[in-house]
Amino acid sequence: MDSVEKLERLSGAKVFDLHRHNIDHITVPSSRGPEFGVLRRIDDVFDCWFESGSMPYAYIHYPFENVELFEKNFPGHFVAEGLDQTRGWFYTLMVLSTALFGKPAFRNLICNGLVLAEDGKKMSKRLKNYPSPMEVINDYGAVKDVFLPWYNAYRFLVQNAKRLEYEGSAPFVPI
């Protein structure tokens, strides 16, 4: 059941448009009982990317523990992600790190491009505009054309981590 159908069923209201000004009046009775009141949309919702920007310290529970580990490894040597992460993850990493620590969250950024579908759009789970992985493996094979590029990417990571260490950076140690 999609979100419109579910909202209509739970609220008893007909929904024509999910934009805020068209749904702010809609309420849903709490499934926990009438003593819990009604559910409604609220204004105070964080951007979903905000939390991802805290990754360099939140995943080790800094500043509540692992202070030495954090201070020894921050900022990270590099972040590697796709171009589509510019607006979301890279931005919040930079904003939060600069606000909290006065420096960026990473020293280097490796930003790869995007694989496009036949229609010229980015391949996307949401759009379902990609071929079946099994179809790709059956047509092209798994070792040479699928596994080998992944292995080469891993080798690239290891070689560059060693190069950075050789050039005087701290050793790259996955945490």
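Quick note: the coordinates plus some simple rules give every number you see, no bench work behind them. None of the values given here were measured: they were computed from a predicted structure. Note that we place each Cβ from the backbone using ideal geometry, even for glycine, and neighbour counts take in every protein chain shown.
Take every pair of alpha-carbon atoms less than 8 Å apart whose residues are at least six positions apart; their mean separation over the length of the chain yields a relative contact order of 12 percent. In terms of other Cβ atoms within 10 Å, 25, 77 run from fewest to most in the order 25, 77.
Here each label is just a point 7 Å from Cα along the line to Cβ, and for residue 61 and residue 78 those points are 3.2 nm apart.
Counting only the backbone N, which residues of the range 101-123 are under 19 Å from the spot 7 Å out from the Cα of residue 134 toward its beta-carbon? None, by backbone N distance to the label point. With 0.36 nm allotted per residue and the present C-alpha distance subtracted, the residue 112-residue 4 stretch has 35.3 nm of extension available. The amide H of residue 80, built 1.01 Å from its N in the peptide plane, has 110 as neighbours under 5 Å, considering only residues 5 or more places off or on other chains. In a DSSP loop and with at most 11 other Cβ atoms within 10 Å, the trypsin sites (Lys or Arg not before Pro) in the range 54-138 are 121, 125, 126, 128. Taking the DSSP beta bridges in the chain as the whole, what percent of them are antiparallel, to the nearest 5? Of all bridge pairs located within the chain, approximately 35 percent are antiparallel.
Mean sequence separation of contacting Cα pairs (under 8 Å, at least six apart), scaled by the length of the range 4-51, corresponds to a relative contact order of 25 percent. Each semi-axis of the equivalent ellipsoid for the range 40-151 is √(5λ) with λ an eigenvalue of the Cα gyration tensor; in descending order they amount to 34, 21, 13 Å.
Computed from the Cβ-Cβ distance with R0 of 25 Å, the FRET efficiency linking residue 123 to residue 54 stands at 0.30. Let me have the 222 nm mean residue ellipticity of the chain computed from DSSP H runs of 4+ only, each contributing -39500 (n - 2.57), with the sum over all residues rounded to the nearest 500. -10000 deg cm²/dmol, from helical runs alone. Checked against a 32 Å cut-off, the cross-linked pairs 103/128; 14/125; 72/125; 6/121; 128/162; 6/128 give Cα-Cα distances beyond that limit for 103/128; 72/125; 128/162. With a simple spin-label model that places each label point 7 Å from the Cα along the Cα-to-Cβ direction, the separation between residue 94 and residue 32 comes to 4.1 nm.
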